[in-house]
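Data block below; observations after.
The values are calculated or read from the model by the stated rules, or taken from the named source; none is laboratory data. The structure presented is a predicted model; accordingly, all values stated were derived computationally and were not measured. Cβ placement follows ideal geometry from the backbone for every residue including glycine, while neighbour counts extend to all protein chains displayed. SASA here: full protein model, heavy atoms, side chains in, ligands and nucleic acids out. Shrake-Rupley method; radii C 1.70, N 1.55, O 1.52, S 1.80 Å.
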Amino acid sequence: MSYLLQIPKKIIGGIGSLDNIKDLLKDINTKKATIITDNGVKNANLIEKPLDLLKSIGISIEIVENVPSEPEIGQVEDIFSSIKNKTPDILIGIGGGSVMDVTKLISVMMTNKESLEEIISTGIIKNKGITTMMIPTTAGTGSEVTKNSIVTNPEQQVKITLSHELLIPDYVIADPLMTVKLPPAITASTGMDALTHAIECYISKKANPFSDTFALRAVRLIARSIKKAYDNGKDIAARLDMSIGALYGGVCINSSGTAAVHALAYPLGGKYKVPHGVANAMLLPYVIEFNSDVIEDKLADIYNEMGLPNQEKLNNREKSCDVIKNIYLLVKELNIPNSIRNYGITENDVEEMARAASQITRLMSNNPKKMSVNDIMDIYRKLL
(Lines give C-alpha, C1' and ligand atoms only; values in the text may rest on other atoms or scores of the structure.)
Protein backbone atom coordinates (compact mmCIF):
# COMPACT_ATOMS: atom_id res chain seq x y z
CA MET A 1 0.00 0.00 0.00
CA SER A 2 1.20 3.52 -0.81
CA TYR A 3 0.27 6.86 0.76
CA LEU A 4 -0.14 10.29 -0.77
CA LEU A 5 0.44 13.68 0.82
CA GLN A 6 -0.48 16.75 -1.23
CA ILE A 7 0.13 20.23 0.15
CA PRO A 8 0.72 23.77 -1.19
CA LYS A 9 4.13 24.83 -2.50
CA LYS A 10 4.83 27.01 0.51
CA ILE A 11 3.07 27.42 3.85
CA ILE A 12 4.08 30.24 6.18
CA GLY A 13 2.59 30.21 9.65
CA GLY A 14 2.97 31.81 13.06
CA ILE A 15 2.23 35.04 14.87
CA GLY A 16 2.92 37.98 12.56
CA SER A 17 3.60 35.75 9.56
CA LEU A 18 1.52 38.03 7.34
CA ASP A 19 4.54 40.31 7.12
CA ASN A 20 6.16 37.70 4.85
CA ILE A 21 3.70 38.49 2.06
CA LYS A 22 5.96 41.20 0.61
CA ASP A 23 9.00 38.99 0.14
CA LEU A 24 6.87 36.12 -1.10
CA LEU A 25 5.17 38.17 -3.80
CA LYS A 26 8.47 39.75 -4.81
CA ASP A 27 9.96 36.29 -5.21
CA ILE A 28 7.23 35.24 -7.63
CA ASN A 29 7.40 38.57 -9.50
CA THR A 30 3.81 39.67 -8.82
CA LYS A 31 2.64 42.87 -10.52
CA LYS A 32 -1.15 42.59 -10.33
CA ALA A 33 -3.23 40.93 -7.63
CA THR A 34 -6.93 40.39 -7.07
CA ILE A 35 -8.06 40.06 -3.46
CA ILE A 36 -11.19 37.98 -3.01
CA THR A 37 -13.03 38.40 0.28
CA ASP A 38 -16.46 39.02 1.82
CA ASN A 39 -18.17 41.98 3.44
CA GLY A 40 -17.69 40.64 6.95
CA VAL A 41 -13.94 40.42 6.54
CA LYS A 42 -13.79 43.85 4.90
CA ASN A 43 -15.95 45.47 7.57
CA ALA A 44 -13.69 43.99 10.26
CA ASN A 45 -10.78 45.80 8.57
CA LEU A 46 -8.93 42.53 8.06
CA ILE A 47 -7.83 43.39 4.54
CA GLU A 48 -6.27 46.71 5.55
CA LYS A 49 -2.86 45.34 6.55
CA PRO A 50 -2.53 43.03 3.52
CA LEU A 51 -3.53 45.97 1.31
CA ASP A 52 -0.93 48.25 2.87
CA LEU A 53 1.78 45.62 2.50
CA LEU A 54 0.93 45.03 -1.16
CA LYS A 55 0.78 48.74 -1.94
CA SER A 56 4.16 49.28 -0.28
CA ILE A 57 5.82 47.14 -2.96
CA GLY A 58 3.91 48.68 -5.85
CA ILE A 59 1.47 45.87 -6.63
CA SER A 60 -1.68 46.85 -8.53
CA ILE A 61 -4.73 45.59 -6.60
CA GLU A 62 -8.35 44.78 -7.44
CA ILE A 63 -10.74 43.88 -4.62
CA VAL A 64 -13.76 41.58 -4.90
CA GLU A 65 -15.71 41.69 -1.65
CA ASN A 66 -19.07 40.09 -2.41
CA VAL A 67 -18.48 36.39 -1.72
CA PRO A 68 -21.62 35.03 0.00
CA SER A 69 -21.48 32.84 3.08
CA GLU A 70 -22.92 29.81 1.27
CA PRO A 71 -21.89 30.37 -2.38
CA GLU A 72 -24.08 28.96 -5.12
CA ILE A 73 -22.86 27.94 -8.56
CA GLY A 74 -24.45 30.96 -10.24
CA GLN A 75 -22.97 33.35 -7.70
CA VAL A 76 -19.47 31.99 -8.30
CA GLU A 77 -19.98 32.40 -12.05
CA ASP A 78 -21.09 36.02 -11.50
CA ILE A 79 -17.95 36.78 -9.49
CA PHE A 80 -15.84 35.14 -12.19
CA SER A 81 -17.51 37.27 -14.89
CA SER A 82 -16.62 40.41 -12.97
CA ILE A 83 -12.88 39.66 -12.90
CA LYS A 84 -12.13 37.32 -15.82
CA ASN A 85 -10.73 40.15 -17.94
CA LYS A 86 -8.57 41.65 -15.15
CA THR A 87 -5.65 39.28 -15.87
CA PRO A 88 -4.16 39.25 -12.36
CA ASP A 89 -0.93 37.40 -11.65
CA ILE A 90 -2.35 36.02 -8.43
CA LEU A 91 -5.66 35.58 -6.61
CA ILE A 92 -5.46 36.18 -2.86
CA GLY A 93 -8.32 34.73 -0.83
CA ILE A 94 -8.70 36.49 2.53
CA GLY A 95 -11.49 34.99 4.58
CA GLY A 96 -13.07 31.78 5.76
CA GLY A 97 -13.90 28.59 3.93
CA SER A 98 -16.36 30.06 1.43
CA VAL A 99 -13.96 32.80 0.35
CA MET A 100 -11.10 30.36 -0.10
CA ASP A 101 -13.29 27.82 -1.92
CA VAL A 102 -14.47 30.50 -4.35
CA THR A 103 -10.91 31.73 -4.89
CA LYS A 104 -9.79 28.23 -5.83
CA LEU A 105 -12.69 27.76 -8.23
CA ILE A 106 -12.15 31.09 -9.97
CA SER A 107 -8.46 30.28 -10.34
CA VAL A 108 -9.19 27.24 -12.51
CA MET A 109 -12.08 28.96 -14.29
CA MET A 110 -9.54 31.55 -15.49
CA THR A 111 -7.53 28.91 -17.35
CA ASN A 112 -10.16 26.39 -18.47
CA LYS A 113 -12.80 27.01 -21.14
CA GLU A 114 -15.40 24.80 -19.48
CA SER A 115 -18.08 26.43 -17.30
CA LEU A 116 -18.12 25.81 -13.58
CA GLU A 117 -21.18 23.63 -13.99
CA GLU A 118 -19.34 21.50 -16.57
CA ILE A 119 -16.27 21.21 -14.35
CA ILE A 120 -18.41 20.12 -11.40
CA SER A 121 -20.44 17.62 -13.40
CA THR A 122 -17.35 15.91 -14.85
CA GLY A 123 -14.87 16.47 -12.03
CA ILE A 124 -12.27 17.18 -14.72
CA ILE A 125 -9.89 20.16 -14.57
CA LYS A 126 -7.53 20.14 -17.53
CA ASN A 127 -5.31 23.13 -16.83
CA LYS A 128 -3.77 24.45 -13.64
CA GLY A 129 -5.35 27.69 -12.53
CA ILE A 130 -3.60 31.00 -12.03
CA THR A 131 -1.49 31.31 -8.89
CA THR A 132 -3.39 31.42 -5.60
CA MET A 133 -2.58 32.51 -2.07
CA MET A 134 -4.82 31.86 0.94
CA ILE A 135 -4.90 33.95 4.10
CA PRO A 136 -7.48 32.36 6.41
CA THR A 137 -9.40 34.53 8.88
CA THR A 138 -11.03 31.56 10.59
CA ALA A 139 -9.57 28.40 12.08
CA GLY A 140 -11.83 25.70 10.78
CA THR A 141 -12.29 24.55 7.22
CA GLY A 142 -8.64 23.95 6.32
CA SER A 143 -9.57 25.07 2.81
CA GLU A 144 -6.29 26.99 2.67
CA VAL A 145 -4.51 23.68 2.03
CA THR A 146 -7.16 21.30 0.64
CA LYS A 147 -7.97 20.10 -2.85
CA ASN A 148 -11.70 20.64 -2.18
CA SER A 149 -14.14 23.43 -2.95
CA ILE A 150 -17.78 23.37 -1.86
CA VAL A 151 -20.64 25.08 -3.70
CA THR A 152 -24.40 24.86 -3.41
CA ASN A 153 -26.65 23.73 -6.25
CA PRO A 154 -29.81 25.72 -5.48
CA GLU A 155 -32.02 23.71 -7.85
CA GLN A 156 -31.21 20.43 -6.11
CA GLN A 157 -30.77 22.13 -2.70
CA VAL A 158 -27.56 20.23 -2.08
CA LYS A 159 -23.95 21.11 -1.40
CA ILE A 160 -21.46 19.73 -3.88
CA THR A 161 -17.77 19.14 -3.27
CA LEU A 162 -15.39 19.45 -6.20
CA SER A 163 -12.18 17.62 -5.32
CA HIS A 164 -9.13 17.90 -7.54
CA GLU A 165 -5.39 18.24 -6.92
CA LEU A 166 -5.28 21.33 -9.15
CA LEU A 167 -7.42 23.14 -6.58
CA ILE A 168 -4.66 22.94 -3.96
CA PRO A 169 -3.52 26.53 -3.34
CA ASP A 170 0.02 27.54 -4.20
CA TYR A 171 0.79 29.61 -1.12
CA VAL A 172 -0.64 29.94 2.39
CA ILE A 173 -0.05 32.48 5.13
CA ALA A 174 -1.66 31.26 8.34
CA ASP A 175 -1.31 34.14 10.78
CA PRO A 176 -3.39 33.69 13.96
CA LEU A 177 -3.55 37.48 14.32
CA MET A 178 -5.99 37.41 11.39
CA THR A 179 -8.43 35.39 13.54
CA VAL A 180 -8.55 37.39 16.78
CA LYS A 181 -11.68 39.31 15.75
CA LEU A 182 -13.71 36.14 15.20
CA PRO A 183 -16.89 36.27 17.33
CA PRO A 184 -17.19 33.47 19.92
CA ALA A 185 -19.96 31.65 18.02
CA ILE A 186 -17.89 31.52 14.82
CA THR A 187 -14.80 30.54 16.80
CA ALA A 188 -16.81 27.63 18.21
CA SER A 189 -18.40 26.39 14.99
CA THR A 190 -15.28 26.69 12.83
CA GLY A 191 -13.15 25.16 15.57
CA MET A 192 -15.49 22.19 15.85
CA ASP A 193 -15.33 21.84 12.07
CA ALA A 194 -11.55 21.54 12.35
CA LEU A 195 -11.81 19.02 15.20
CA THR A 196 -14.27 16.99 13.13
CA HIS A 197 -11.81 16.92 10.22
CA ALA A 198 -9.04 15.61 12.45
CA ILE A 199 -11.15 12.93 14.14
CA GLU A 200 -12.85 11.73 10.97
CA CYS A 201 -9.60 11.58 9.02
CA TYR A 202 -8.06 9.50 11.81
CA ILE A 203 -10.91 6.96 11.90
CA SER A 204 -11.58 6.85 8.16
CA LYS A 205 -10.98 3.74 6.08
CA LYS A 206 -8.34 5.62 4.10
CA ALA A 207 -6.38 6.69 7.18
CA ASN A 208 -2.64 6.19 6.74
CA PRO A 209 0.63 7.09 8.47
CA PHE A 210 0.72 10.52 6.80
CA SER A 211 -2.81 11.53 7.74
CA ASP A 212 -2.53 9.98 11.20
CA THR A 213 0.43 12.16 12.09
CA PHE A 214 -1.36 15.39 11.23
CA ALA A 215 -4.73 14.25 12.58
CA LEU A 216 -3.52 13.37 16.05
CA ARG A 217 -1.51 16.55 16.37
CA ALA A 218 -4.53 18.56 15.24
CA VAL A 219 -6.69 16.87 17.89
CA ARG A 220 -4.14 17.80 20.56
CA LEU A 221 -3.87 21.45 19.50
CA ILE A 222 -7.60 22.02 19.07
CA ALA A 223 -8.74 20.13 22.17
CA ARG A 224 -6.48 22.13 24.45
CA SER A 225 -7.30 25.53 22.96
CA ILE A 226 -10.79 25.73 21.45
CA LYS A 227 -12.51 26.64 24.73
CA LYS A 228 -9.75 29.15 25.53
CA ALA A 229 -10.15 30.83 22.15
CA TYR A 230 -13.94 30.82 22.60
CA ASP A 231 -13.72 32.40 26.05
CA ASN A 232 -11.07 34.95 25.10
CA GLY A 233 -10.58 35.74 21.45
CA LYS A 234 -7.42 37.70 22.25
CA ASP A 235 -5.67 34.65 23.68
CA ILE A 236 -2.95 34.55 21.03
CA ALA A 237 -1.48 31.23 22.14
CA ALA A 238 -4.90 29.61 21.80
CA ARG A 239 -5.45 31.28 18.44
CA LEU A 240 -2.10 29.94 17.24
CA ASP A 241 -3.04 26.39 18.28
CA MET A 242 -6.36 26.70 16.48
CA SER A 243 -4.77 28.14 13.34
CA ILE A 244 -2.21 25.35 13.05
CA GLY A 245 -4.70 22.69 14.13
CA ALA A 246 -7.16 23.71 11.42
CA LEU A 247 -4.41 23.71 8.81
CA TYR A 248 -3.31 20.21 9.89
CA GLY A 249 -6.93 19.09 9.60
CA GLY A 250 -6.95 20.28 6.01
CA VAL A 251 -3.77 18.37 5.25
CA CYS A 252 -5.48 15.24 6.61
CA ILE A 253 -8.42 15.72 4.26
CA ASN A 254 -6.09 15.61 1.26
CA SER A 255 -4.54 12.36 2.47
CA SER A 256 -7.39 10.30 3.96
CA GLY A 257 -10.67 12.22 3.82
CA THR A 258 -13.70 12.66 6.02
CA ALA A 259 -16.63 10.29 6.46
CA ALA A 260 -20.23 10.03 7.69
CA VAL A 261 -20.31 13.18 9.82
CA HIS A 262 -19.72 15.28 6.73
CA ALA A 263 -22.11 13.19 4.62
CA LEU A 264 -24.91 13.78 7.14
CA ALA A 265 -24.01 17.46 7.41
CA TYR A 266 -24.39 18.23 3.70
CA PRO A 267 -28.21 17.86 3.52
CA LEU A 268 -28.51 20.10 6.58
CA GLY A 269 -26.50 22.82 4.89
CA GLY A 270 -27.73 22.48 1.31
CA LYS A 271 -31.46 22.79 1.96
CA TYR A 272 -31.82 24.11 5.49
CA LYS A 273 -28.81 26.45 5.62
CA VAL A 274 -27.37 24.98 8.81
CA PRO A 275 -23.83 26.42 9.01
CA HIS A 276 -21.34 23.69 8.13
CA GLY A 277 -19.40 23.86 11.38
CA VAL A 278 -22.58 23.81 13.44
CA ALA A 279 -23.88 20.78 11.52
CA ASN A 280 -20.62 18.91 12.05
CA ALA A 281 -20.51 19.79 15.75
CA MET A 282 -24.07 18.58 16.36
CA LEU A 283 -23.51 15.35 14.46
CA LEU A 284 -19.99 14.46 15.59
CA PRO A 285 -20.71 12.80 18.97
CA TYR A 286 -23.66 10.82 17.63
CA VAL A 287 -21.78 9.49 14.60
CA ILE A 288 -18.71 8.66 16.69
CA GLU A 289 -20.95 6.83 19.13
CA PHE A 290 -22.44 4.82 16.25
CA ASN A 291 -18.94 3.90 15.04
CA SER A 292 -17.42 3.37 18.49
CA ASP A 293 -17.57 -0.43 18.67
CA VAL A 294 -15.26 -0.77 15.65
CA ILE A 295 -12.82 2.06 16.45
CA GLU A 296 -12.13 1.62 20.17
CA ASP A 297 -8.35 1.59 19.69
CA LYS A 298 -8.42 4.77 17.64
CA LEU A 299 -10.73 6.53 20.08
CA ALA A 300 -8.30 5.58 22.83
CA ASP A 301 -5.55 7.35 20.88
CA ILE A 302 -7.80 10.39 20.52
CA TYR A 303 -8.50 10.26 24.27
CA ASN A 304 -4.78 10.44 24.96
CA GLU A 305 -4.24 13.34 22.54
CA MET A 306 -7.14 15.26 24.11
CA GLY A 307 -5.22 15.18 27.37
CA LEU A 308 -8.02 13.56 29.33
CA PRO A 309 -7.21 12.17 32.82
CA ASN A 310 -6.47 8.65 34.04
CA GLN A 311 -4.83 7.60 30.78
CA GLU A 312 -2.95 4.72 32.37
CA LYS A 313 -5.89 3.49 34.46
CA LEU A 314 -8.58 3.19 31.78
CA ASN A 315 -8.88 0.49 29.13
CA ASN A 316 -9.68 1.29 25.52
CA ARG A 317 -13.42 0.76 25.89
CA GLU A 318 -13.54 3.17 28.83
CA LYS A 319 -11.48 5.72 26.95
CA SER A 320 -13.75 5.35 23.94
CA CYS A 321 -16.82 6.11 26.05
CA ASP A 322 -15.10 9.07 27.70
CA VAL A 323 -14.13 10.62 24.35
CA ILE A 324 -17.78 10.62 23.30
CA LYS A 325 -18.87 12.11 26.64
CA ASN A 326 -16.25 14.83 26.36
CA ILE A 327 -17.30 15.75 22.82
CA TYR A 328 -20.91 16.05 23.99
CA LEU A 329 -19.70 18.26 26.85
CA LEU A 330 -17.52 20.40 24.57
CA VAL A 331 -20.41 21.05 22.18
CA LYS A 332 -22.52 22.12 25.16
CA GLU A 333 -19.80 24.36 26.61
CA LEU A 334 -19.38 26.09 23.26
CA ASN A 335 -23.12 26.77 23.09
CA ILE A 336 -23.51 25.03 19.75
CA PRO A 337 -27.24 24.67 18.90
CA ASN A 338 -28.43 21.25 20.05
CA SER A 339 -31.48 20.78 17.83
CA ILE A 340 -32.03 20.86 14.10
CA ARG A 341 -35.56 22.07 14.83
CA ASN A 342 -33.94 25.49 15.26
CA TYR A 343 -33.54 25.48 11.48
CA GLY A 344 -37.11 24.47 10.64
CA ILE A 345 -36.40 20.75 10.28
CA THR A 346 -39.12 18.34 11.43
CA GLU A 347 -39.74 14.59 11.52
CA ASN A 348 -41.26 14.90 8.05
CA ASP A 349 -37.86 15.89 6.65
CA VAL A 350 -35.82 13.10 8.22
CA GLU A 351 -36.22 10.37 5.61
CA GLU A 352 -35.49 12.68 2.68
CA MET A 353 -32.34 13.97 4.39
CA ALA A 354 -31.21 10.46 5.26
CA ARG A 355 -31.60 9.25 1.69
CA ALA A 356 -29.68 12.28 0.42
CA ALA A 357 -26.85 11.64 2.90
CA SER A 358 -26.68 7.96 1.99
CA GLN A 359 -26.06 8.91 -1.65
CA ILE A 360 -22.87 10.80 -0.80
CA THR A 361 -20.90 7.63 -1.35
CA ARG A 362 -17.52 9.39 -1.53
CA LEU A 363 -17.87 10.02 2.20
CA MET A 364 -20.14 7.21 3.35
CA SER A 365 -17.83 4.57 1.88
CA ASN A 366 -15.01 6.04 3.97
CA ASN A 367 -16.89 5.56 7.24
CA PRO A 368 -15.43 2.77 9.41
CA LYS A 369 -18.84 1.15 9.89
CA LYS A 370 -21.56 0.67 7.30
CA MET A 371 -24.50 2.97 7.89
CA SER A 372 -27.98 2.25 6.55
CA VAL A 373 -30.66 4.81 5.75
CA ASN A 374 -32.43 3.78 8.96
CA ASP A 375 -29.22 4.31 10.93
CA ILE A 376 -28.92 7.81 9.48
CA MET A 377 -32.56 8.53 10.27
CA ASP A 378 -32.00 7.46 13.87
CA ILE A 379 -29.12 9.95 14.20
CA TYR A 380 -31.11 12.82 12.71
CA ARG A 381 -33.99 12.05 15.07
CA LYS A 382 -31.65 12.41 18.05
CA LEU A 383 -31.09 15.99 16.93
CA LEU A 384 -34.76 16.90 16.69
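Cα axis of helix 296-305 to longest principal axis of the chain: angle in degrees, 0 to 90, nearest 10?
60
Quick one: which residues, 5 or more positions from Gly95 or on another chain, have an amide H under 5 Å from its amide H? H modelled 1.01 Å from N in the peptide plane, none for Pro or chain starts.
For Gly95, whose amide H was placed from the backbone, the distant partners under 5 Å are Ile135, Thr137.
What is the distance, in nm, between label points placed 7 Å from the Cα along the Cα-to-Cβ direction at Ser121 and at Asn43?
Distance between the two pseudo-spin positions: 3.7 nm.
Tell me, what is the per residue accessible area of the chain in Å², probe radius 1.4 Å?
41
Any idea of Asp293's accessible area? Nearest 10 Å², probe 1.4 Å.
90
Where a Cα-Cα gap under 19 Å defines reach, which aspartates and glutamates qualify for Lys84, not counting those fewer than 8 residues away within the same chain?
Answer for Lys84, where 19 Å is the Cα cut-off: Asp38, Glu62, Glu65, Glu72, Asp101, Glu114, Glu117, Glu118, listed by chain and number.
If I measure Cβ to Cβ between cysteines in the chain, which ones have no partner under 4.7 Å?
Cys321
On full extension of the chain, what length is gained from Ile160 through Lys55, given 0.36 nm per residue of separation minus the C-alpha to C-alpha distance?
Stretched out fully, the Ile160 to Lys55 stretch lengthens by 34.1 nm.
Considering only DSSP states other than H, G, I, E and B, which trypsin sites (Lys or Arg not before Pro) in the range 52-152 qualify as loop sites with at most 10 other Cβ atoms within 10 Å?
The qualifying sites are Lys113.
For the chain, give the percent of accessible area contributed by carbon and sulfur heavy atoms, probe 1.4 Å, rounded to a whole number.
47
Just list whichever of Lys159/Lys319; Lys32/Lys126; Lys227/Lys271 have alpha carbons separated by over 32 Å in the model shown.
Lys159/Lys319
Nearest 5 is fine: what % of DSSP beta bridges in the chain come out antiparallel, could you say?
Counting DSSP beta bridges with both partners in the chain, the antiparallel share is about 20 percent.
Using alpha carbons only, how many angstrom separate the centre of the range 186-218 from the centre of the range 73-108?
27
Which loop-located trypsin sites (Lys or Arg not before Pro) does the range 223-294 contain, where loop means any DSSP state but H, G, I, E or B and the Cβ has at most 10 other Cβ atoms within 10 Å?
Sparse-neighbourhood loop trypsin sites (Lys or Arg not before Pro): Lys234.
Among bridges DSSP assigns within the range 131-207, what percent are antiparallel (round to 5)?
75
Per 10 Å bin, what percent of the C-alpha pairs of the chain does each bin hold, from zero upward?
It works out to 5, 25, 34, 25, 9, 2, 0, in whole percents.
Between Glu72 and residues 5 or more places away or on another chain, which pairs have amide H atoms under 5 Å apart, with H built 1.01 Å from N, and which residues are they?
For Glu72, the qualifying residues are Thr152.
Which pairs, out of Lys113/Lys205; Lys55/Lys104; Lys206/Lys273; Lys9/Lys31, put more than 26 Å between their alpha-carbon atoms?
Beyond 26 Å: Lys113/Lys205; Lys206/Lys273.
Largest first, how would Lys32, Lys206 line up by accessible area (1.4 Å probe)?
Lys206, Lys32
Would you calculate a helix-derived [θ] at 222 nm for the chain, using -39,500 (n - 2.57) for each DSSP H run of n ≥ 4 and dividing by the full residue count, to the nearest 500?
-16000 deg cm²/dmol
Along the range 207-214, what does the Karplus equation 6.51 cos²θ - 1.76 cosθ + 1.60 (θ = phi - 60°) give for ³J(HN,Hα), rounded to whole Hz, x for Gly and Pro?
4, 8, x, 5, 5, 4, 4, 6
Taking a 1.4 Å probe, which of Ser121, Ser143 shows the most accessible area, and what order do the others take after it?
From most exposed to least exposed: Ser121, Ser143.
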